[in-house]
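Report on the structure given below.
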Amino acid sequence: MRIAFADLSTPKSGVFAVLVGEGGAMGETAAQADKAAGGAIKRAVATLGLKGKLGEIIDVPMPDGVGYSRLVAISVGDPAKLDALGAQTIGGKLYGLLAKGGERQVAVAADAPKGEALAPEDLGAEIAYGMKLGAYRFAKYRTKGPEATPPELTSLRILSAATALCRKRFGALDAIADGVYLARDLLEEPPNQLYPESFAARCENLKTLGVVVEVLDEKALARLGMGALLGVAQGSARPARVVIMHWQGRKGGKGPLALVGKGVTFDTGGISLKPAAGMEDMKYDMGGAAAVVGAMQAIAGRKAKANVVAIVGLVENMPSSSAQRPGDVVTSMSGQTIEVINTDAEGRLVLADVLWHVQKKYKPAAVIDLATLTGAIVVALGGVYGGMYANDDALAANIVAAGEATGELMWRMPLHDDYDPQIASPIADMKNVGGREAGSVTAAQFLKRFIVDKTPWAHLDIAGVAWTTKAKPTVPKGGAGFGVRLLDRLVADRFES
Ligand code: BES
Ligand code: MN
Ligand code: ZN
């Protein structure tokens, strides 16, 4: 979709969208349009008994001669309570309404009823951002039928009293949306197309933005001693890769923020094979890595003044005669040994080595890992909140705040040494599963053993939120790209300048 910005005016064609508030309150542009349409909006509010809740829509076809084909009034709810997320919802809802018809263009007057809390430039930019987020589709593998045809709506114009500023604000949001799109593309790709090498190739595209990208092959991983990660990969014909991406938007200062992603491009469970039903879902077991790569695209795309290093562990977890067995003992890069009781608890094995490497090599100021790690977190929190574990209260609070600001919610879960006996092994330093109880906590306790000294660290278990089965205005069904917006916001709020 082409997105452009212009001064407030009345469009001559396409759809004209204006904003209304509770009880049909209108700003100047909406009032003018209503008058031109013979009071159609006021009439609709009165006769239909509309309350003006956020996102409520009045859609009035215009008679010949008016120029624009439809006047769409969309409600901001209480203008004093309208925030960035609300404006994004409005954009997403508008897209949802218009993508279905044969409309090619829409002009949105980003002029709210009096008393609005958002500055006009933010209002316009956030509506455009919401529209772009809602417009995501993945049709690459459709060859026929309506899904193969791109929607006709291809042009959005935001009309604003602060055109230049609005365009500028959108510039940064556009980069973030590109990061979300990249993460969604990676999640959607089928596992015969997206495997460690092809995932790494996608990461290399970030070089065009000025990101330094280093791809480690199996030989390099063996030299580093990543026995835990390589143990997972050894059952697959697809060789493992680890990709390090470094964005240096600020020189000097403390160590970088390190972002770490689980990138299991397909998780069969290995020899501890998963049941057939729903196994196809395990193509999105690289959701943590997708979030991290998407965040790097966003951060570099908007030229963030921050120092961020990202690392993703890319493997395919397959059963074969070369696969690791339950009972195998592997030596992680940290030197700690792990008895692999269940080959389906592979994510923590991958993370153990990439966590260790990024800390040893970059001495980061903080480490955040993202992973579709456990079914247990899905049982605990469902598809609403992701689960967060942290050894640092300030970092935890910053992550929760960034999540609330972006709509990517995180709920803090406990870490405690009293869970450790659950992962004690009779023959190695630890085992990779902790039994049925508190399954996502024992996974976090396991990861904690690969955090160096007192490095501030947070682990985000996103197994329940990486893939959406119920569409939201700004998150279509499928790969959500969850984490990109949260991480970008965290960087903006806590790691820039
Ligand atoms: N990738 C799965 C976790 C998962 C579950 C992701 C549902 C997305 C949706 C992970 O590798 C896994 O298999 N975890 C096991 C661990 C168990 C064997 C200790 C689980 O949660 O059942
Ligand atoms: Mn698994
Ligand atoms: Zn997995």
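Kindly identify the range 156-281 as rounded, prolate or oblate by the Cα gyration tensor criterion: order the square roots of the eigenvalues as a ≥ b ≥ c, call it rounded if a/c is under 1.5, otherwise compare a/b with b/c, prolate if a/b is larger, else oblate. It comes out oblate by the Cα gyration axes. Listed by chain and number, the lysines whose C-alpha is less than 19 Å from the C-alpha of Lys35, apart from same-chain residues fewer than 8 away, are Lys12, Lys114.
Annotation: lysines with alpha-carbon distance below 27 angstrom to Lys274 (same-chain offsets under eight excluded): Lys262, Lys283, Lys431, Lys448, Lys470, Lys477.
Radius of gyration over Kirkwood radius for the chain, both on Cα atoms: the Rg/Rh ratio is 1.03. For the residues Asp83, Asp64, a 1.4 Å probe over the protein chains yields an accessible-area ranking, largest first, of Asp64, Asp83.
Taking the 1.4 Å solvent-accessible surface of the range 2-161 as the whole, the part contributed by carbon and sulfur is 52%. Rounded to the nearest 10 degrees, what's the angle between the helix 163-188 long axis and the longest principal axis of the chain, both from Cα atoms, 0 to 90? Relative to the chain, helix 163-188 is tipped by roughly 40 degrees. Counting heavy atoms of the protein chains alone, Phe482 has an accessible area of about 20 Å² for a 1.4 Å probe. Classify the range 2-161 as rounded, prolate or oblate, taking a ≥ b ≥ c as the square roots of the eigenvalues of its Cα gyration tensor: rounded when a/c is under 1.5, otherwise prolate if a/b is larger than b/c and oblate if not. Prolate.
Solvent-accessible area per residue for the range 2-161 at a 1.4 Å probe radius, Å²?
46
Against the chain, whose longest principal axis comes from its Cα atoms, helix 84-100 is set at around 70 degrees. Each peptide in 149-155, 37-43 was scored by the mean count of other Cβ atoms within 10 Å over its residues; highest first, the order is 37-43, 149-155. Protein heavy-atom surface of the range 183-495, 1.4 angstrom probe: 52% of the accessible area is carbon and sulfur, with nucleic acids and ligands not counted. Taking the centroid of alpha carbons for each part, the range 406-459 and the range 231-259 are 21 Å apart.
For the range 208-344, the Cα-based Rg and Dmax, in that order, read 16.7, 51 Å. Take each peptide in 259-265, 131-137, 57-63, 454-460, count the other Cβ atoms within 10 Å of every residue, and average; sorted highest first, the result is 259-265, 131-137, 454-460, 57-63. Take the range 257-407 with all the other protein chains still there, run a 1.4 Å probe, and you get 30 Å² of accessible area per residue.
Note on Lys254: lysines with a C-alpha under 17 Å away, same-chain residues under 8 apart excluded, are Lys305, Lys360, Lys361, Lys363, Lys454. A 1.4 Å probe, protein heavy atoms only, puts the accessible area of Arg348 near 20 Å². To the nearest ten degrees, helix 393-406 and the longest principal axis of the Cα atoms of the chain are 40 degrees apart.
May I ask you to give the solvent-accessible area per residue for the range 180-233, in square angstrom, as obtained with a 1.4 angstrom probe?
Per residue, the range 180-233 has 41 Å² of solvent-accessible surface.
Centre-to-centre, using Cα atoms only, the range 79-139 and the range 347-382 are separated by 35 Å.
The values are calculated or read from the model by the stated rules, or taken from the named source; none is laboratory data. Note that the structure is a prediction, hence the values are computed from the model and not measured. All Cβ positions, even for glycine, are placed from backbone atoms using ideal geometry, and neighbour counts span all protein chains on display. For the accessible areas, the whole protein counts, side chains as well, though only heavy atoms, and no ligand, DNA or RNA atoms are used. Shrake-Rupley method; radii C 1.70, N 1.55, O 1.52, S 1.80 Å.
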